[in-house]
Amino acid sequence: MGIPGSGLAKGLAVTLRTMTRKSVTAQYPDVQPDLAPRTRGVIGLFEENCTVCMLCARECPDWCIYIDSHKETVPPAAPGGRERSRNVLDRFAIDFALCMYCGICIEVCPFDALFWSPEFEYAETDIRELTHERDKLREWMWTVPEPPAPDPAAEEPKEIAAARKTADKLAAQQAAEAQEHRQSQGEGT
């Protein structure tokens, strides 16, 4: 057993040491915090990639994503083709008063239209103003940091390997056709 009151003396010593040190508190509005590179702040929208598939709104556990769209008919790409219809985004809004920042919407988006932005200063005086429309979400998109570089020792993704193999095969085929064409031109003269 120790000396009676030694725990109290140790506690007081820690308190005295802490009281004599300079405070390291950063006064927030004046001093911006150093955030981690991939900080989760708000959700940014890359509108060009959104196909209005509604997966993000359906998978959201809080139902805080609001999407409105309409269909447009697109003329055929080639003569003799058929007209197609596509969804056009009219409204994309997120109610950050309801959002629990789980990131499910970002994970389920198959077209990479949603990203985490490190922005965190979006406080409002009225809770009804925390529903941000696509214009504000688009502004936050440009603050999204670049993704980390892939590991150089990592295996190449199957999709890229297949695309490269197809491109190499097509290039070899075109080179063979060009060689054949040059030979036929040489024989004809």
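The heavy atoms of residue 6 present about 50 square angstrom of accessible area, all protein chains included, probe 1.4 Å. Measuring how big the chain is from its alpha-carbon positions, Rg and Dmax come out at 29.2, 112 Å. A Gaussian network model of the chain, with springs between Cα atoms under 10 Å, assigns the largest mean-square fluctuation among 36, 162, 93 to 162. For segment 74-131, which whole-number percentage of the solvent-accessible area (1.4 Å probe, protein heavy atoms only) is attributable to carbon and sulfur atoms? Its accessible area is 53 percent carbon and sulfur atoms. When all protein chains stay in place and ligands, DNA and RNA are ignored, the 1.4 Å accessible-area order of 132, 181, 70, largest first, is 181, 70, 132.
For the options 125, 166, 39, a Gaussian network treatment of the chain with springs between C-alpha atoms closer than 10 Å singles out 166 as fluctuating the most. Projecting the Cα atoms of 123, 183, 20 onto the charge dipole of the chain, computed from C-beta unit charges around the Cα centre, puts 20 farthest toward the positive end.
So how do 89, 35, 55 rank on accessible area, 1.4 Å probe, biggest first, that is with the largest at the start?
Ranked list, largest accessible area first: 35, 55, 89.
Calculate, for the chain, the solvent-accessible area per residue in square angstrom, rolling a 1.4 angstrom probe over the heavy atoms of the protein chains. Accessible area per residue, the chain: 77 Å². Loop-located trypsin sites (Lys or Arg not before Pro) in segment 31-129 (DSSP state not H, G, I, E or B) with no more than 14 neighbouring Cβ atoms inside 10 Å: 38, 82. For segment 4-79 and segment 118-157, write down the distance between their C-alpha centroids in whole Å. Cα centroid to Cα centroid, the span is 9 Å. Highest GNM mean-square fluctuation among 80, 103, 44, for the chain modelled with Cα contacts below 10 Å: 80.
Here segment 139-189 exposes an accessible surface that is 57 percent carbon and sulfur, computed with a 1.4 Å probe and the other protein chains kept in place.
The GluC sites (Glu not before Pro) of segment 5-93 that DSSP puts in a loop, and whose beta carbon has at most 15 other beta carbons within 10 Å, are 83.
The values are calculated or read from the model by the stated rules, or taken from the named source; none is laboratory data. On a predicted model such as this, the values are computed, not experimentally measured, just so you know. Heads up, the Cβs are rebuilt from the backbone with ideal geometry, glycines too, and the neighbour counts pull from every protein chain shown. The accessibility values were calculated without ligands, DNA or RNA, using every heavy atom of the protein model including side chains. Shrake-Rupley method; radii C 1.70, N 1.55, O 1.52, S 1.80 Å.
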